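All of the numbers you see were taken from the coordinates with simple rules; none came from a lab. The structure presented is a predicted model; accordingly, all values stated were derived computationally and were not measured. Glycine also receives a Cβ, built like all others from the backbone with ideal geometry; neighbour counts cover every protein chain displayed.
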Amino acid sequence: MSDERKLPYVMAFNEAVSQAMEADPSVFCAGEDIGAFGGVFGTFGGLQAKFGADRVVDTPISEQAIVGLGVGAAATGLRPIVDLMFMDFICVAMDQIVNQAAKLKYMFGGEATLPLTITTAGGGGLSAAAQHSQSLEAILCHIPGLKVVYPSTPYDMKGLMTACISEDNPTVMVKHKRLLGMTGHVPAERYEIPLGKANIVRAGKDVTVVAYGRMVHESVAAAEKLAAEGIECEVIDPRTLQPLDTETIVESAKRTNRVLVVHEAVRFGGLGAEIAAQIQEQAFDYLDAPVGRIGAPFSPVPFSPALEQHYIPDAKAIEAGIREALLRVGA
Amino acid sequence: MSISPDKQFDLHRRMVRIRLFEEAAGRLAEANRLPGFLHLYVGEEAVASGVCGALNDDDHITSTHRGHGHLVAKGGDFNRMMAELMGKATGYCKGKGGSMHISDLSLGMLGANGIVGAGSPIAVGAAFANKYRKQGQVAVAFFGDGATNIGAFHEAANMACALHLPIVFACENNEYGEFTPRDKTMAITDIVDRAAGYGMPGVIVDGMDVIAVHEAALEAVERARTGGGPSLIEAKTYRFYNHHGVQNLGLKYRSDDEVARWKERDPIFTLEDRMVENKVATRQQFEDIWTQLRNDIDNAIKFAEESPVPAPDQVLVDVYTQKAGAR
């Protein structure tokens, strides 16, 4: 029974890539260590053995050229998947991502099509310190021409990765490092989850929590704890951060009248600021409390587990944020 | 010259088309009839023409901020080019790219580029796709001497060699990175010295001699097409005008003598002299070519000036491709 089928998040990614490569000979992968080694987290494991070294390509440690390889190959008719290993490394390739991939179509008057997927691993929690733990998605969401996807479950991973590969625009697929081993239901057949469509993970009437990536699970844990007290939280996972499904978020805010946005990225200038602004623009009269934001403090990600566990938001912090949103007396 | 008379005329025509387009663009800019920046290719015509003359229509090139010459040499249409420079809806990029992003994907021209060095990694991608498809296409990355100092070039050259891709790195060494002379920004005299560091053959050619450039390009393109991997061509050339625009803006970074010496070696007039000397052409033939192409330019300016500007609602069009295309 397909309902029984379970896969880890990392293998859901791998299966999406594998099935896309089977279906479309123009799909290929390139990146550091992805071939014989199978990728730093095993994300591309077994694919070179299956599809050959011409389609699963080991590259030099050259992030600009890796993304450039994808841009040039996409502009000339292939459907590349290029891997940047850690999200921090997008900074090394920023010209190719921001000035080239994102803008080529527009600058060329619409003539170029760039079906390019850039994959990377974001988030902290592995004591990987300040250059291997960042959540830089807000920077990418700020760039017109890019799409940004951040799955929180194995099911969403496969469906969203399949959609990224089918997408005719440059898309950044962010895997959360601490979700790689998470197991969940994944159908064997190929399926797509449309980009730009949020998922209501948990329905509730008292408060809306918007969270993505690993923070979805921390938010659900907080919501379950509060449910014991009769507080019903609605947890929304946007899944795609650009384009953002503001419609679903605003609709929920209008029902619950209270919203908390949660992310692992630093709070200042994070996606939570944009989501809060959208809600106050579109649902100001419905709000019974300011839109709350939970995010990391404004510092680089610290190394020591003692510091990092304090740094990354958790269910306890989210629970406190929800209680604060509920403190205000409604109209 | 082992290059056929027909090919000599072809290369000459490409150069004259570039010269006339650029001179016209310069005049229009001086008269404030072009918005934005303008980096003129005058003086360097032999490089784009000699290299693109060795390519097929379905081969790819990436270009630079000084990119008009590459598009003209690849067969670019004057009307759509001039309209783009004027920011018109009929331009190559519908007025959204301008001089620094002018492109024609149907001619394999993957765009002028406002970021120095950024074209080379994209050319590597085109070369990868060409190798992947196994249809014998090649890619050429055009770039200047200054671009070889930026990391993107190094990454691209190394990756192209590591993956043994069908690509030619065509360096236009015009001796200046913007306003700073090459000898202030690198400790070597010849860019070609860098080729060995990547494991590819490199050759220096006289970038004012279109035949010499063409012969070197034929060899490098043939090597790429037949599985021999990347090559580097360093063409020693010179920018007759400024880094951007026509005027010197009061800056004196090159001596009049130096400019005059290079202008004596004008790539178009020296080719004409040789072709007449070798009895391949007559002065009258050249007169007729210039007259006809001047007429094309005049028509292009007229076309561009009479073209509509883009409607304001076009700002949000083509940020994204709307349809999903994959299987």
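How far is it, in nm, from the label point at A:Ala130 to the one at A:Ala188 when both lie 7 Å from their Cα along the line to the Cβ?
Each label point lies 7 Å from its Cα, and together they span 5.0 nm.
Would you please state the base-10 log of I(q)/I(0) at q = 0.15 1/Å for the range B:5-306, with intensities from the Debye formula using one equal scatterer on every alpha carbon?
-1.18
What nm distance separates the two modelled labels at B:Glu277 and A:Phe268, each placed 7 Å from Cα along Cα→Cβ?
For the pair B:Glu277/A:Phe268, the computed spacing is 6.8 nm.
How much length is gained on full extension from A:Val329 to A:Glu247, taking 0.36 nm per residue of separation minus their Cα-Cα distance? Intermediate values should be presented prior to the final figure.
On the way: separation 82, 0.36 × 82 = 29.52 nm, distance 2.56 nm.
Extra length from A:Val329 to A:Glu247 when fully extended: 27.0 nm.
Determine the dipole magnitude for the protein assembly as shown: charges of +1 sit on the beta-carbon of Lys and Arg, -1 on that of Asp and Glu, nothing else is charged, the reference point is the Cα centre, and the result goes in debye to the nearest 20.
640 debye
Show log10 I(q)/I(0) for the range A:2-185 at q = 0.13, 0.18 Å⁻¹, two decimals, from a solvent-free Debye sum over equal Cα scatterers.
Each listed q maps to, in turn, -0.60, -1.19.
Which three numbers, in whole Å and largest first, are the semi-axes of the equivalent ellipsoid of the range A:199-327 derived from its Cα gyration tensor as √(5λ)?
So the equivalent ellipsoid measures 22, 17, 13 Å along its semi-axes.
As a test of the formula, what do you get for chain A when each DSSP H run with n ≥ 4 contributes -39,500 (n - 2.57) and the sum is divided by the residue count, at 222 nm and rounded to the nearest 500 deg cm²/dmol?
My calculation for chain A gives -10000 deg cm²/dmol from helical runs alone.
Cα centroids of the range A:172-193 and the range B:61-103: how far apart, whole angstrom?
Cα centroid to Cα centroid, the span is 43 Å.
Determine the relative contact order of chain A: mean sequence separation of Cα pairs under 8 Å and six or more apart, normalised by residue count, in whole percent.
16 percent
Please compute the modelled spin-label separation between A:Glu229 and B:Glu178, points set 7 Å along Cα→Cβ, answer in nm with one decimal.
It is 5.9 nm.
What is the local net charge at A:Leu104, summed over the other residues whose Cβ is closer than 12 Å to its Cβ (Lys, Arg +1; Asp, Glu -1)?
With Lys, Arg at +1 and Asp, Glu at -1, the net is +1.
Within straight cross-link reach of B:Lys236, meaning Cα distance under 16 Å, which lysines are found once same-chain residues fewer than 8 apart are removed?
In chain and number order, the partners are B:Lys263.
Once all Cα-Cα distances of the protein assembly as shown are split into 10 Å bins that start at 0, what whole-number percent is in each one?
3, 15, 23, 22, 16, 11, 6, 2, 1, 0
With a ≥ b ≥ c the root eigenvalues of the C-alpha gyration tensor of the range B:48-159, is it rounded (a/c under 1.5), prolate (a/b larger than b/c) or oblate? Before the final figure, lay out the partial values.
Numbers: a/c = 1.95, a/b = 1.34, b/c = 1.46.
Since a/c reaches 1.5 but b/c is at least a/b, the shape of the range B:48-159 is classed as oblate.
Set the Förster distance to 30 Å, then compute FRET efficiency between B:Ser106 and B:Arg27 from the Cβ-Cβ distance, nearest 0.05.
On the way: r = 29 Å, r/R0 = 0.96.
With R0 = 30 Å, the Cβ-Cβ based efficiency is 0.55.
Using a Cα-Cα cut-off of under 17 Å, which lysines could be cross-linked to A:Lys177, ignoring same-chain neighbours fewer than 8 residues away?
Of all the lysines, those that pass the test against A:Lys177 - Cα under 17 Å, at least 8 places apart if same chain - are A:Lys158.
Return the calculated 222 nm mean residue ellipticity for chain B, to the nearest 500 deg cm²/dmol, obtained by summing -39500 (n - 2.57) across DSSP H runs with n ≥ 4 and dividing by the residue count.
So the helix-based figure for chain B works out to -13500 deg cm²/dmol.
Kindly provide the Kirkwood hydrodynamic radius of the range B:201-301 in Å, to one decimal, from all pairs of distinct alpha carbon atoms. Can you show the working numbers first?
On the way: mean 1/r = 0.0600 Å⁻¹.
Result for the range B:201-301 stands at 16.7 Å.
So which lysines can B:Lys131 reach, going by Cα to Cα under 25 Å and dropping same-chain residues fewer than 8 places off?
A:Lys50, A:Lys105, B:Lys74
For the range A:17-68, evaluate the Debye formula with one uniform point scatterer on each Cα (no solvent term) and list log10 I(q)/I(0) at q = 0.16, 0.18 Å⁻¹, rounded to two decimals.
Each listed q corresponds, in turn, to -0.41, -0.52.
Between the alpha-carbon centers of the range B:188-262 and the range A:8-43, tell me the distance in whole angstrom.
41 Å
If you take the Cα atoms of chain A, find Rg, then find the Kirkwood Rh from the mean of 1/r over all pairs, what is Rg/Rh?
Ratio of gyration radius to Kirkwood radius for chain A: 0.98.
If R0 is 30 Å, what FRET efficiency do you get for A:Phe37 and A:Lys197 from their C-beta distance, rounded to 0.05?
0.30
When DSSP beta bridges are limited to those with both residues in the range A:2-185, what percentage is antiparallel, rounded to the nearest 5?
10 percent
For the range B:10-75, just the Cα atoms, rotate onto the principal axes and tell me the three extents in Å, largest first.
Cα extents, longest axis first: 37, 22, 16 Å.
Can you tell me how the range A:71-116 classifies by the Cα gyration tensor, rounded, prolate or oblate, using a/c under 1.5 as the rounded cut?
The shape class here is oblate.
Would you be so kind as to identify which of B:Gly202, B:Gln314, B:Leu28 lies farthest towards the positive end of the dipole of chain B, taking Lys and Arg as +1 and Asp and Glu as -1 on Cβ and the Cα centre as origin?
Farthest towards the positive end: B:Gln314.
Which of A:Ala273, B:Ala224, B:Leu85 sits closest to the plus end of the dipole of the protein assembly as shown, meaning its Cα is farthest towards the positive end, when Lys and Arg get +1 and Asp and Glu get -1 on the C-beta?
A:Ala273
Please give the charge dipole size of the range A:262-311, origin at the Cα centre, charges +1 on K and R Cβ atoms and -1 on D and E Cβ atoms. Round to the nearest 20 debye.
It works out to roughly 200 debye.
Pick out, from A:Phe303, A:Pro154, B:Phe128, the residue whose Cα sits farthest towards the positive end of the charge dipole of the protein assembly as shown, with +1 on the Cβ of Lys and Arg and -1 on the Cβ of Asp and Glu.
A:Pro154
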